């Protein structure tokens, strides 16, 4: 398996883990503030998408022999970058969030398929990475970013489901109660 194929498989695996956790959540759960800090799950999905979009732009710049200054600046000030993107995307519709999540990931995969093993694994290939291979940067922006949020999203999803289960049980009248109500013939 080539480095590109391995990286694509890792990307798919990380994304699948995330989607499995959120697939049963209703829209109201996805937009609920406070799921992860102050953020909703939708906010996290936007965050993942903007980072991947930034990476796609960086790969375009790299292909032209340019240094991806915007991505490197974002990584240097990740919290400020995250906050600015959070504020910019507050009014984004959930359908658009999911559309962008899919679209940007497909664009990223297309760009990754243009790279060769040397591009990904040679730590000396891109001087601005200070000896790190490009694959490390890609994993940091994508896979590690998704996995960083996964425990909190999983916890929120489990709590949401437990609350829904409790509410549903509250709507059910036990059979013993029904039989007591019907004994007065």
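Going by C-beta contacts inside 10 Å, put 111, 51, 128 in order with the fewest on the left.
By the 10 Å Cβ count, ascending, the order reads 128, 111, 51.
Tell me the relative contact order for the range 88-158 as a rounded percent, counting alpha carbon contacts under 8 Å between residues six or more apart.
Relative contact order of the range 88-158: 14 percent.
In degrees, nearest 10, range 0 to 90: what is the angle between the Cα axis of helix 41-63 and the longest Cα principal axis of the chain?
10
Most exposed first by the Cβ proxy, i.e. fewest other Cβ within 10 Å, how do 98, 156 rank?
If I rank by nearby Cβ atoms, fewest first, I get 98, 156.
To the nearest 10 degrees, how steeply does helix 78-88 sit against the main Cα axis of the chain, on a 0 to 90 scale?
60
Arrange the following residues from fewest to most other Cβ atoms within 10 Å of their Cβ: 36, 97.
Neighbour counts put them in this order, fewest first: 36, 97.
Out of 24, 167, 60, any idea which swings most in a Gaussian network model of the chain, alpha carbons joined below 10 Å?
Highest fluctuation of the listed residues: 167.
For the chain, set up a Gaussian network in which alpha carbons nearer than 10 Å are linked by springs, and say which option among 168, 113, 93 fluctuates the most.
Top of the fluctuation ranking is 168.
Running a GNM on the chain with Cα contacts under 10 Å, which residue among 21, 46, 56 ends up with the highest mean-square fluctuation?
It is 21.
Which angle from 0 to 90°, rounded to the nearest 10, does the C-alpha axis of helix 3-22 make with the longest principal axis of the chain?
Roughly 20 degrees between the two axes.
Report the calculated FRET efficiency for residue 6 and residue 76 (r = Cβ-Cβ distance, R0 = 35 Å), to the nearest 0.05. Provide the component values of the computation, followed by the final result.
Numbers: r = 28 Å, r/R0 = 0.79.
So, using R0 = 35 Å, E works out to roughly 0.80.
Find, to one decimal place in angstroms, the Kirkwood hydrodynamic radius of the range 1-69, where the mean of 1/r is taken over every pair of different Cα atoms and then inverted. Before the final figure, lay out each step's value.
Numbers: mean 1/r = 0.0702 Å⁻¹.
Value: 14.2 Å, from the Cα pair sum.
Before anything else, pin down the relative contact order of the range 44-171: Cα pairs under 8 Å, at least 6 apart, normalised by residue count, whole percent.
On the way: 78 pairs, mean separation 35.1, N = 128.
Reported relative contact order: 27 percent.
Taking Rh as the Kirkwood radius computed over C-alpha pairs, what is the Stokes-Einstein D of the chain at 37 °C in a medium of viscosity 0.692 mPa s, expressed in µm² per second?
Working: Rh = 18.7 Å.
Value of D from the Cα-based Kirkwood radius: 175 µm²/s.
Could you tell me the calculated FRET efficiency between residue 38 and residue 94, based on Cβ-Cβ distance and R0 = 25 angstrom, to the nearest 0.05?
Details: r = 18 Å, r/R0 = 0.71.
The calculated FRET efficiency here is 0.90.
All of the numbers you see were taken from the coordinates with simple rules; none came from a lab. These numbers were taken from a predicted model, which means no experiment stands behind them. Glycine also receives a Cβ, built like all others from the backbone with ideal geometry; neighbour counts cover every protein chain displayed.
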